[in-house]
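Reading through the C-alpha cells given below for one structure.
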Amino acid sequence: MIKNLILSFSIFILVSANLYAQKCNYEKNEVDAVTDLLVKLTQPKMLLRVGGQPLYVKGQSIGTNKYLKLRIYNYVDFDVQEEREITFTLSNTQEITLYPRTMPVDSSKIDSYMNVSTLLVYKLSSDQYLQLKDNAIVKFKYYLDSGFVEEKIKEKNQYSIMTVLRCLE
C-alpha cells in the first residue's frame, strides 16, 4: 500500500512538473568546441514596436555569462542610438538600465549594403539577470537622435524577456 502511494505521488509530481515546465526554443544549445563552454541562444520573442517596426529580444549565455540581445529593424527614418543606454521599468516599479557592449566593426562591410536591422548586445550582471528573469517589463526607454523615448509594453509582451532569460538557466 505504501509503495503504491509513493508511486502515485511520484507520478503526480512528474506530471505536474511537465505541465508547468517552460518550453524553450533555441537557435543554439551546444558546447563550444574551442572553449568547452555551454552556449545557449534562444529564439527571438517580440517585445514591442519601435517606430512601427518590431523589436525582438533574445537571451544568450556563454558559460556563466548572460546577455540580452535586441534586434531592431530600421525601415523608418530614425535610428535607435546603439551607443546609448536603455532602461526597462519592471512591474515592481524598479528600473534596470543597461549599457551596450561595444561591437567590433567589420571594415570590409562598411557602405557595402544597407543595414535593415541593428543588433544591440547587453551583458547582464547577476543582479540584472535575476531582476529581469523574475519581473515583467512594463516600459522600455531608448534614445533617438531627438532624445529619449519611453514606450509602454503591451501586456501580452511583458513576459518576453522573462521567457528568454529563464531558458538560460
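Scanning region 57-76 for residues that are hydrophobic (A, V, I, L, M, F, W, C) and touching a Pro at 6+ places or on another chain (Cβ under 7 Å) yields a single hit, Val57. Restricting attention to region 120-156, the residues that are of a type outside the set (D, E, K, R), at pLDDT 95 or above, out of contact with any Lys or Arg (no Cβ under 7 Å at 6 or more places or on another chain) and not in a loop (DSSP other than H, G, I, E, B) add up to 6. Of all residues in region 74-105, which are of a type in the set (A, V, I, L, M) and either modelled with pLDDT of 75 or more or surrounded by 10 or more Cβ atoms within 10 Å (Cβ to Cβ) (or both)? Within region 74-105, Val76, Val80, Ile86, Leu90, Ile96, Leu98, Met103 meet the criteria. In region 106-118 there is no residue that is surrounded by 14 or more Cβ atoms within 10 Å (Cβ to Cβ), under 24 Å from Ser61 (Cα atoms) and at pLDDT 85 or above.
Per the conditions (1) buried (at least 16 other Cβ atoms within 10 Å of the Cβ); (2) under 15 Å from Phe88 (Cα atoms), the sole criterion not satisfied by Thr163 is (2).
Checking each residue of region 24-31 against the condition of being surrounded by fewer than 15 Cβ atoms within 10 Å (Cβ to Cβ), among the basic types (Lys, Arg) and at pLDDT 90 or above gives at least one match. Can you confirm whether region 124-136 contains a residue that is under 17 Å from Gln53 (Cα atoms) and surrounded by 18 or more Cβ atoms within 10 Å (Cβ to Cβ)? No: region 124-136 contains no residue that is under 17 Å from Gln53 (Cα atoms) and surrounded by 18 or more Cβ atoms within 10 Å (Cβ to Cβ). Among the residues making up region 119-169, those that are over 17 Å from Val57 (Cβ atoms) and among the aromatic types (Phe, Trp, Tyr) are Tyr143, Phe148.
The values are calculated or read from the model by the stated rules, or taken from the named source; none is laboratory data. Keep in mind the model is a prediction, meaning the values are calculated, not measured. Virtual Cβ from ideal backbone geometry, glycine too; neighbours counted across all protein chains shown.
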